[in-house]
Each structure stands twice: as C-alpha cells, then as structure tokens.
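Here the structure is laid out as structure tokens; the discussion comes afterwards.
The values are calculated or read from the model by the stated rules, or taken from the named source; none is laboratory data. Values in this document were obtained by computation on a predicted structure and should not be read as measured data. As a convention, Cβ positions derive from the backbone with ideal geometry for all residues, glycine included, and neighbour counts pool all protein chains shown.
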Amino acid sequence: MASVIVVDTELEDSIREYSQIIDSINKTTDFSTAIKSLLPEASWNQQELSTQIKQDLNKEILKVSTSENLKKLTDKEFEPTFYLLIHILSKLSSQDEVLNNVDSPVYSILFETNPQQPPSLRDRRSIKSTSILSILSTIFNLLPNESKTRVYVLKNVLKVIKTSGIDFSLIQDNIGSNLINWLKESKSNEDEIKSLFWDFIELDGEYSQKSLNYIKSFTQSNNLSKEELIKLIKCALSSKVVDVSYLVNNNVAKSLSTNQSEPLVVIFKKYVHGEIISIDQIPSDLSSQGKFINSKSKILALAKYFADSTTTGSDHDAVVFKYNEIPNVESSLEFEEILIEAIKSGVIEGKLNQLEETFYLTRVNRFIIAGEDNSKNWAQVKLALEQWQNSLANINDIVKAARENIVNNNTN
C-alpha cells in the first residue's frame, strides 16, 4: 500500500512550525525572522506565492536544514520533523523534484544525519538508524513503481543496514520477498538486479535457511557468473544449514561445470557429495570457517555412509548400525557427537542405544544433485515408496482386527 505524508495545516502554518523547531534547537529567532520577511503582508489564502518567493523560501529552508542542525533533535522528534520538511519542500516545488530525484538535497541531508555508529542502549535521545530506515521506507512507497529513484533508495536502505548493525531479520522477509519484483518494475537491467540481490543476501551474516531459499529461487531463473557462483558457495559453506545440495539446480550445475577448475568449486562439489573436507583444503578467504566447514562435512559424510549402506544391493542388510562399523571416526564419543549434530540438522533420523553401541536408522537424506546421474538414488526412493505402499496394503484389516480385539476385551 502506498504511503502518504499527512500534514493537517496550511503551508504557511507548516513553515512557521518548522521555523520554530529550527529556532528552538539553535536557541535563536534568526530563521523565523528571515522567513517572515519573505512572506507577503496579505493573507496566504488570498494571495498566491510568486515563483520567486517560493524559490527564496526553498533556499532559506534548505540553508538551515543541515544534518548538523537536525542531529540536535531527539530520535522521537526527528522523523516527524523530516516529514514536515519533505511536505514543505514538495509544496514549494513538487514532490517529483523533492523525492523522485536522486540529486535532491533531501537525500544528502538524510544520509548525513544517519549515525556512523549505533548509539548506546542507554542513549534514548540520539537519532537512530531505524528512524532513517523508516523515512526511506516511506519515501520508497511514495515513489511510482516504475521510478528509477526507487532503486537508488533500495541501495541506500541496504547501505544503512550494513553500516548500522540493524538486525537483518527485521527487513529480511519484506525485502527478500519483493526485491526482484520491485527492481523489474523499475526497469532495472539484469546486472543491477543481480548486484542488488547479492548485496541483500550478504547482509545476512548467518546465511540463514531463508536466505538460502532466496538464493535457490533466484538461481532457478538466472544464470550464474563465476563471481556469483563463488558467492553462492561461500554462503552455503558458511551457513549453519548442513545439507545445501538442494541449491544445486540446473543453472548452478551448469556454472559448476563451467568453473570446475576453481578451488572453491572443487571443495563445494566434494562437500555436497558427502566427502570430508579437511581444514587444510579450505581456501584462505574461508579459513576462519575451517573448523566449522570440516564439522559440517563430517555430518554429510555420515549421512552418505548411511544412505549408501541401505541402498539396494548393499552388503548391509538392515538399518541397525554398530559403532565399530562407522568409518572416519576415532572414537565412540566422536561418532555420538557427529550423530547428534546430524539429527539436529535434520539429515538423519533414528534412535541411539549407547549401552549396546548401536544406532537404528529411520530416515536419511539422499544425495540427488541436479546435472548428474541420480538413477541409483531415484531407484532407492522408488523402492522406499513401494515398501511404504506395501505396508499400507492390509491397513484396513489391521485396524478392523484391533477394533474387534478392543470390543472383545471390553465384553469379557
């Protein structure tokens, strides 16, 4: 829904109110005096302001509307005051000139007022970046859908979030769900859309499941350059989400094939196929995540072992695994730790028996990667569905028999 700035006063009263605010923070009457000299003697409603007077008023108002002055306002005062300023300037010229114009002084004033560092928790007076974001959001909604200025506003919204430490989750859903449509409506080109999308994704320092889902959706309809593929891989490996194989759609698979000699691509392909990534294999730009990535890869390696061991034709004839069967673990404790993390991450389900040192597997993720021969995995999926279907074949008879037993027991 479009936003509106509601000011329930005549322009003259709005200017007078604004001049009082400026004089109050500067503890003078200089601005009110300067403004008064520009207003005609006759009543405002009876005499239309000349173009020259409007220009002079505009000039005087902008002269005092500096970030230095506005920073003297409290956070509570700043937002309504800035809306009042927008209203006045729009009446003196036009809303298009004031808002639908990337060179408008309104934007430079707003960005200069944004605090360079977040205020302390005890500081309830200083202007906060959340107020800057609120104003940008209102301006964005006031602009026509096709306006290129909307793209400029979006870029600066992302910039404010990046530099202010604002919780990304506060804007993740709204921007993430609408960003691509907004950019297409404004006739942004492909490069601009891609650039802003990845700028948005990189604001999520945790690369959450939601962000990975946005990546999946975006890459399904867009080819990836090498740079974009590297960004995707870094997001996937740095995320707490363990099984990221679902990110490999046809476009991603194509880019992986094109850039298969890239070191990070080699590691990523090993990772999604359930191979353990040792810390010394991880490139320097991800070295701080080395231990984390190694731990995640061990979880997938365990899942792959379980999946391979329960496929048709496997020597393993059941879903019960003994501790001493598990490869790539040095102790029972290490296996239990990896197993618990695997269960938490959702790639494995089952029941652990520590006394007997066995694990009863009930479900495991299978590695079905786009662009590869997955016939064996699909065959196993088909088999599992057939087994499930067969288990339901006599369900009505079983339920009927159970009911009869209950009735007979109650009768006796």
Is it the case, given these coordinates, that I276 is under 28 Å from T358 (Cβ atoms), over 25 Å from the mean Cα position of the chain (by Cα) and part of a helix (DSSP H, G or I)?
no
Going through (1) surrounded by 14 or more Cβ atoms within 10 Å (Cβ to Cβ); (2) at pLDDT below 95 one by one, L179 fails only at (2)
Which of the numbered conditions does S188 fail, given that it passes all the others? Conditions: (1) part of a loop (DSSP other than H, G, I, E, B); (2) in the same structural domain as L57 (by TED's automatic domain parsing); (3) in contact (Cβ under 8 Å) with a residue 12 or more places away in the chain.
(2)
Kindly list, by first and then second residue, each pair from a residue in the stretch 306-329 that is modelled with pLDDT under 65 to a residue that is of a type in the set (K, R), limited to pairs with Cβ atoms under 9 Å and residues at least 6 apart or on different chains.
T312/K376
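Looking at the structure I just gave you, is T138 over 23 Å from P80 (Cα atoms) and surrounded by 14 or more Cβ atoms within 10 Å (Cβ to Cβ)?
On the way: over 23 Å from P80 (Cα atoms): no; surrounded by 14 or more Cβ atoms within 10 Å (Cβ to Cβ): yes.
So T138 does not fit the description; no.
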Could you tell me which residue of the stretch 236-250 is farthest from the chain's Cα centre (by Cα), considering only residues that are in a helix (DSSP H, G or I) and either within 17 Å of V266 (Cα to Cα) or among the β-branched types (V, I, T) (or both)?
S245
Yes/no for I139 being over 18 Å from the mean Cα position of the chain (by Cα), of a type in the set (A, V, I, L, M, F, W, C) and at pLDDT 95 or above
yes
Identity of the residue in the stretch 330-379, touching a Gly at 6+ places or on another chain (Cβ under 7 Å) and surrounded by fewer than 17 Cβ atoms within 10 Å (Cβ to Cβ), that ends up modelled with the highest pLDDT:
Y360
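Of a type outside the set (F, W, Y), more than 11 Å from the chain's Cα centre (by Cα) and outside any helix (DSSP H, G or I), is that true of I127?
Working: of a type outside the set (F, W, Y): yes; more than 11 Å from the chain's Cα centre (by Cα): yes; outside any helix (DSSP H, G or I): yes.
Yes: the conditions hold for I127.
Does the stretch 253-284 hold any residues that are of a type outside the set (S, T, N, Q) and either touching a Pro at 6+ places or on another chain (Cβ under 8 Å) or touching a residue at least 40 places away in the same chain (Cβ under 8 Å) (or both), and which are they? Give the steps one after another, and end with the answer.
Narrowing the stretch 253-284 to residues of a type outside the set (S, T, N, Q): 253-254, 256, 262-277, 279-280, 282-283.
Residues satisfying the conditions are A253, K254, L256, P263, L264, I267, V272, H273, G274, I276, P283.
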Quick one: E227 ticks every box in (1) surrounded by fewer than 19 Cβ atoms within 10 Å (Cβ to Cβ); (2) in a loop (DSSP other than H, G, I, E, B); (3) not basic (K, R) except a single one, so which number is it?
(2)
Condition (residue is part of a helix (DSSP H, G or I) and more than 16 Å from the chain's Cα centre (by Cα)) applied to the stretch 202-219: is it met by at least one residue?
no
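Suppose we keep only residues that are of a type in the set (D, E, K, R) and modelled with pLDDT of 90 or more within the stretch 267-305. Which one would you say is surrounded by the fewest Cβ atoms within 10 Å (Cβ to Cβ)?
First, pick out the residues of the stretch 267-305 that are of a type in the set (D, E, K, R): 269-270, 275, 280, 285, 291, 296, 298, 304.
Of the ones still in play, those that are also modelled with pLDDT of 90 or more are 269-270, 275, 280, 291, 296, 298, 304.
Values: K269: 18, K270: 16, E275: 15, D280: 8, K291: 11, K296: 25, K298: 22, K304: 19.
Within the stretch 267-305, the match that is surrounded by the fewest Cβ atoms within 10 Å (Cβ to Cβ) is D280.
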Of (1) touching a residue at least 60 places away in the same chain (Cβ under 8 Å); (2) of a type outside the set (V, I, T); (3) outside the structural domain of H87 (by TED's automatic domain parsing), L142 satisfies every one except (3)
Quick check on the stretch 62-69. Is at least one of its residues under 17 Å from I132 (Cα atoms), outside any helix (DSSP H, G or I) and not hydrophobic (A, V, I, L, M, F, W, C)?
yes
Looking for whichever is aliphatic (A, V, I, L, M), surrounded by 11 or more Cβ atoms within 10 Å (Cβ to Cβ) and at pLDDT 90 or above here; the options are L49, L57. Which one fits?
L57
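Take the residues in the stretch 204-235 that are of a type in the set (A, V, I, L, M) and in contact with a Ser or Thr (Cβ under 9 Å, 6 or more places away or on another chain); name whichever of them is farthest from D167 (Cα to Cα). Even if it seems obvious, please write down each step before you answer.
Going residue by residue through the stretch 204-235, those that are of a type in the set (A, V, I, L, M) are 212, 215, 224, 229-230, 232-233.
Cutting the leftovers down to in contact with a Ser or Thr (Cβ under 9 Å, 6 or more places away or on another chain) gives us 212, 224, 229, 232.
Numbers: L212: 18, L224: 28, L229: 26, L232: 22 Å.
That would be L224.
Let's see how each residue does on (1) under 26 Å from L136 (Cα atoms); (2) of a type in the set (A, V, I, L, M); (3) at pLDDT below 95; (4) not in a helix (DSSP H, G or I):
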| site | (1), (2), (3), (4) |
| --- | --- |
| S3 | yes, no, yes, yes |
| D8 | yes, no, yes, yes |
| I21 | yes, yes, no, no |
| T28 | no, no, yes, yes |
| S43 | no, no, yes, yes |
